[in-house]
């Protein structure tokens, strides 16, 4: 019993290529306010979306190792690109540790949401190239039509804090209008990158009010809560604590991260680590 209680009191580890995963962390903390979290942003090597699958897998294993050494009870992969290529390797390396990725919950939510049988996925180049979202969505509801579009400039805009205004509006329309201005347009849009919720306003204007937007942050938080409950690892009471780790630029992490976290982040609270 003491060992089980000790595991419940351990933190949840979350990692991302940078600050975008703070949108997932924000949803996790809202859903699980008693839990402690350790968040690692691999800011020295972002973006993962333009890297090869082999490189992303290697980076993911290295990031996870840092969190495992901190005694986490669960790993949450808050990066869509890492979720699309590295989950199997992470689960094999850390077989005794539950691993939750953003891809599976997001795919399930999109498959359930569509009414006309068509889903659009926007993501990084790496995620689109790997095709993991179409495979996951179609496995849940065979016969669905899934279209994809890589939107790399969304990441850059979010990192710069240009989340609304004429530039963001023009980029959103350039990416999305070709997908949603056709007669058989999808009725559901899956935001397949943790940076993209920061651009929700221009994305919504580009696709119109009738399209269902699916954000994997909220669905991942639900999947994490369900996993903790099933494994009896949920912390029962208290106010959760947060530790922030970055591989480069604590000052930039704090400045840009505040946009994604929904609250101010102090640079002195960001611990610099080396992978």
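No value in this document is a laboratory result; all are computed from the given coordinates. If you're wondering where the values come from, they're calculated on a predicted model, not measured in any experiment. Reconstructed Cβ throughout: ideal geometry from the backbone, glycine too, with neighbour counts over all protein chains shown.
Take the alpha-carbon centre of region 1-71, take the same for region 159-174, and report the distance between them in whole Å.
Answer, in whole Å: 28.
I'd like the orientation of helix 80-93 relative to the chain: the angle between its Cα long axis and the longest Cα principal axis, in ° from 0 to 90, rounded to 10.
Approximately 40 degrees, to the nearest ten.
Just how far, in whole angstrom, is region 211-229 from region 244-262 if you go by their alpha carbon centroids?
Rounded to whole Å, the Cα centres lie 23 Å apart.
On C-alpha positions alone, give me the angle between the axis of helix 250-261 and the longest principal axis of the chain, in degrees, nearest 10.
For 250-261 against the chain, the angle is about 60 degrees.
As I understand it, the value is the acute angle between the Cα axis of helix 53-69 and the longest principal axis of the Cα atoms of the chain; what does it come to in degrees, rounded to 10?
30
Tell me, rounded to the nearest percent, the portion of alpha carbon pairs in the chain spaced more than 33 Å apart.
Working: 6594 of 37675 pairs.
Summing the P(r) tail past 33 Å for the chain gives 18 percent.
By counting other Cβ atoms within 10 Å of each Cβ, how are 76, 100, 38 ranked from fewest to most?
Working: 76 29, 100 26, 38 21.
Placing the least packed residue first, the sequence is 38, 100, 76.
Between 175, 133, 48, which gets the highest mean-square fluctuation from a Gaussian network model of the chain, Cα cutoff 10 Å?
175
If the elastic network links every pair of Cα atoms under 10 Å, which of 23, 230, 124 fluctuates the most in the Gaussian network model of the chain?
Result for the chain, Cα springs under 10 Å: 230 fluctuates most.
For every helix of n ≥ 4 consecutive DSSP H residues, a contribution of -39,500 (n - 2.57) applies; sum these over the chain, divide by its total residues, and give [θ] at 222 nm rounded to the nearest 500 deg cm²/dmol.
On the way: 12 runs with 134 residues, N = 275.
That calculation yields -15000 deg cm²/dmol at 222 nm.
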